[in-house]
Amino acid sequence: MAGRAVDPAEGAPDREALMRLIFALRQRGVTDPRVLDAIEKTPRQIFVDRAFRDRAWEDVALPIACGQTISQPSVVGVMTQALAPTPRCKVLEVGCGSGYQAAILARLARRVYAVERHPPLAREAAARLKALDLTNVTVIAGDGTLGWPEQAPFDRIMVTAAAEDPPRLLLDQLREGGIMVLPVGATDDVQQLIKIVKTAHGPDYAELLPVRFVPLLPGLAEAPGR
Ligand code: SAH
């Protein structure tokens, strides 16, 4: 919603809630201290609707505007760890949603470009990232399946919506040696999270874990959803 106050200090987790979340992340194999630190420093409560604020530090996906969801923190952790962004990386995120994943990436990479097909979500995400002084992220409303040709190639690409197959144009925009992480599979079903490393001989695929994401849909969303 336009004009919603974004106060990172409001609704900060207590020590116990934070410890519970870190425990859940470790149980899922998220042990990279940089990733854990980025999650700890990112106030998830400002990325969720006010009504869900007291659940913001639980390891659950929560509804956001336009019928979409903010991912479960442990899945964000697994995806970020698998993507292995370094401070030199230029990263593309497709499916910016609330902006939470983009905020985590912004703390670990040099530059983040995030695309969201729902313009109201893109606007809100940009406002939150600005409120957190994360000036190395740019959010646009657009169709992320087309990538961001003007900024390609990317060192890392993360897709946070599910497609039947990795989008060809995104693979093309990944630098050789680059890494892409995304859920693949039928969108009304459980999908597999996969990690692709683009080698000189072609893409190498590894399966990470079963996940459930909203579908990757073509085109800009026309009317603002609710
Ligand atoms: N990463 C998000 C989770 C978003 S859920 C977060 O941290 O909150 C997936 C998002 O992908 C939704 O907001 C959906 O609108 C968006 N999406 C789906 N298809 C898309 C496309 N082709 N281009 C850009 N965004 C897309």
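In order along the stretch 109-114, the phi-based Karplus estimate (6.51 cos²θ - 1.76 cosθ + 1.60, θ = phi - 60°) of 3J(HN,Hα) comes to 10, 6, 8, 10, 10, 10 Hz; Gly and Pro are listed as x. Taking amide H as placed 1.01 Å from N in the peptide plane, the amide H of Gly147 sits under 5 Å from none that are at least 5 places away or on another chain. Measuring r between the beta carbons of Ile22 and Leu146 and using R0 = 41 Å, the FRET efficiency lands at 0.65.
Based on C-alpha pairs under 8 angstrom that are at least 6 apart in sequence, the chain has a relative contact order of 16 percent.
The per residue volume of the convex hull around the alpha-carbon atoms of the stretch 15-210 is 111 Å³.
Straight-line cross-link reach from Lys195 at under 21 Å between alpha-carbon atoms covers these lysines, not counting any fewer than eight positions away in the same chain: Lys90.
A DSSP coil position with no more than 15 other Cβ atoms inside 10 Å describes the following trypsin sites (Lys or Arg not before Pro) in the stretch 78-124: Arg88, Arg110. Cα centroids of the stretch 153-223 and the stretch 46-119: 15 Å apart. Taking amide H positions as modeled 1.01 Å from N, with prolines and chain starts lacking one, the residues under 5 Å from Ile70 and 5 or more places away or on another chain are Leu62, Ile64.
FYI, it's all coordinate maths here, none of it is from the lab. Only a predicted model underlies this, so the values are computations on that prediction, with no experimental measurement involved. Here Cβ is always computed from backbone atoms with ideal geometry, including for glycine, and neighbour counts include all displayed protein chains.
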